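The values are calculated or read from the model by the stated rules, or taken from the named source; none is laboratory data. The model shown is predicted, which means the values in this text are computed figures rather than measured ones. When we count neighbours, we look across all protein chains shown, and the Cβ atoms used for this are built from the backbone with ideal geometry, even at glycine. When the accessible area is computed, the model is the full protein with side chains, heavy atoms only, and any ligands, DNA or RNA have been set aside. Shrake-Rupley method; radii C 1.70, N 1.55, O 1.52, S 1.80 Å.
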Amino acid sequence: MMLEELRNEVYRANMELPQRGLVVYTWGNVSGIDRDKGFVVIKPSGVEYEDLTPENLVIVDMDCKIVEGSMNPSSDTKTHVELYKSFSEIGGIVHTHSPHAVGWAQAGKDIPCYGTTHADYFYGSVPCTRNLTAQEVDEDYELNTGKVIAETFSARKLDPLAVPGVICRSHGPFTWGKNPAKAVYHAVVLEEVAKMAMYTVTVSVDNIGRYLVPLDYRASEAPRYVLDKHYLRKHGPNAYYGQ
């Protein structure tokens, strides 16, 4: 069996998704990449988590051709591979339909950085992509999902290591990290900050959308210096958070 260590990493990461409440049924997947070999290990399509094993994960190459495995890889495989091609420093990718992140995606809104919890992990708003065109969907939906994510980061000049996640318009979140476990970690954080941001907006309006508070007290993004302080104390060149 090829890539046994990476298989086990990807298996554990996939199994963490239902444990963390990020997926129901089969609504999610995790992959990991061996960049030296150019192979990606990914969850098989439509397999229930209770039936998942390291052995039934699928290995594909960078052309999405099956290298090892008897099952079909995730339907999102082309998206994962395109992101690995576009973001050369990442080692793991997660896709879920976690509800608060999906809420922002369905509204077509970036998730703003309203406070320090968000700033600790995402250096600014979590971007929402544009919708794919009808032609892009018909041509190659999953491949073009990866391309539109890469397009969003390029157009906005975002560092995928500093903003380790995105929400796809009318779809849902993808997150990534240096390995599959870190990608899951970012998926958990993204869902939490999406929920916090939704609460922040909700407490400022009544149930028919009228603001309850004066303009000066409406929800606004955290000041840049707060964003800088909280992100850089964890991730900057002079980071001092942690042991």
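Scanning the range 144-161 for residues that are open to solvent by 10 Å² or more (accessible area, probe 1.4 Å) and not polar (S, T, N, Q) yields K147, A150, E151, A155, R156, K157, L158, D159, P160, L161.
If you check E191 against the conditions, is it part of a helix (DSSP H, G or I), at pLDDT 95 or above, charged (D, E, K, R) and touching a helix residue (DSSP H, G or I) at 6+ places or on another chain (Cβ under 6 Å)? It would help to see each step written out before you state the result.
Details: part of a helix (DSSP H, G or I): yes; at pLDDT 95 or above: yes; charged (D, E, K, R): yes; touching a helix residue (DSSP H, G or I) at 6+ places or on another chain (Cβ under 6 Å): yes.
So E191 fits the description; yes.
Cβ-Cβ distances below 8 Å connect the following pairs, each with a first residue in the range 216-233 that is over 20 Å from P164 (Cβ atoms) and open to solvent by 60 Å² or more (accessible area, probe 1.4 Å), a second residue that is in a loop (DSSP other than H, G, I, E, B) and at pLDDT 85 or above, and a separation of six or more residues or different chains: S220/Y114. Beta carbons closer than 7 Å, at least 6 apart along the sequence or on distinct chains, pair a first residue in the range 92-121 that is closer than 29 Å to Y11 by Cα and modelled with pLDDT of 95 or more with a second that is open to solvent by 10 Å² or more (accessible area, probe 1.4 Å) and of a type in the set (D, E, K, R) for G92/K182; H95/D76; S98/E191; H100/E191; H100/K195; A101/E191; A105/R169; D120/K234. Among residues belonging to the range 1-56 that are aromatic (F, W, Y) and touching a residue at least 40 places away in the same chain (Cβ under 8 Å), point out the one that is surrounded by the fewest Cβ atoms within 10 Å (Cβ to Cβ). So, considering only residues that are aromatic (F, W, Y) and touching a residue at least 40 places away in the same chain (Cβ under 8 Å), the one surrounded by the fewest Cβ atoms within 10 Å (Cβ to Cβ) is W27.
Which one is modelled with the lowest pLDDT, of the residues in the range 203-243 that are in contact with a helix residue (DSSP H, G or I) (Cβ under 7 Å, 6 or more places away or on another chain), aliphatic (A, V, I, L, M) and assigned to a loop (DSSP other than H, G, I, E, B)? Please lay out each step first, then the result.
Filtering the range 203-243 down to residues in contact with a helix residue (DSSP H, G or I) (Cβ under 7 Å, 6 or more places away or on another chain) leaves 219, 222, 226-227, 230-231, 239-241.
If we keep only those that are aliphatic (A, V, I, L, M) too, we end up with 219, 222, 226-227, 239.
Keeping just the survivors that are assigned to a loop (DSSP other than H, G, I, E, B) gives 219, 222, 239.
Working: A219: 74, A222: 84, A239: 80.
Applying the filter and picking the extreme gives A219.
When Y141 is tested against (1) surrounded by fewer than 16 Cβ atoms within 10 Å (Cβ to Cβ); (2) in contact with a Pro (Cβ under 8 Å, 6 or more places away or on another chain), only condition (2) is not met. Looking only at the range 116-138, filter to residues that are within 18 Å of T200 (Cβ to Cβ) and of a type in the set (F, W, Y); which one of those is most open to solvent (accessible area, probe 1.4 Å)? Ranking the qualifying residues of the range 116-138, first place goes to Y121. Going by what's in this entry, would K85 be described as more than 16 Å from V163 (Cβ to Cβ), open to solvent by 60 Å² or more (accessible area, probe 1.4 Å) and touching a helix residue (DSSP H, G or I) at 6+ places or on another chain (Cβ under 6 Å)? When the stated conditions are applied, K85 does not pass them. What number of residues within the range 1-47 are within 13 Å of A187 (Cβ to Cβ) and touching a Ser or Thr at 6+ places or on another chain (Cβ under 6 Å)? Going through the range 1-47 one residue at a time, the tally reaches 4.
Evaluation of G108 against the conditions (1) on the phi > 0 side of the Ramachandran plot; (2) open to solvent by less than 10 Å² (accessible area, probe 1.4 Å) shows that the sole unmet condition is (2).
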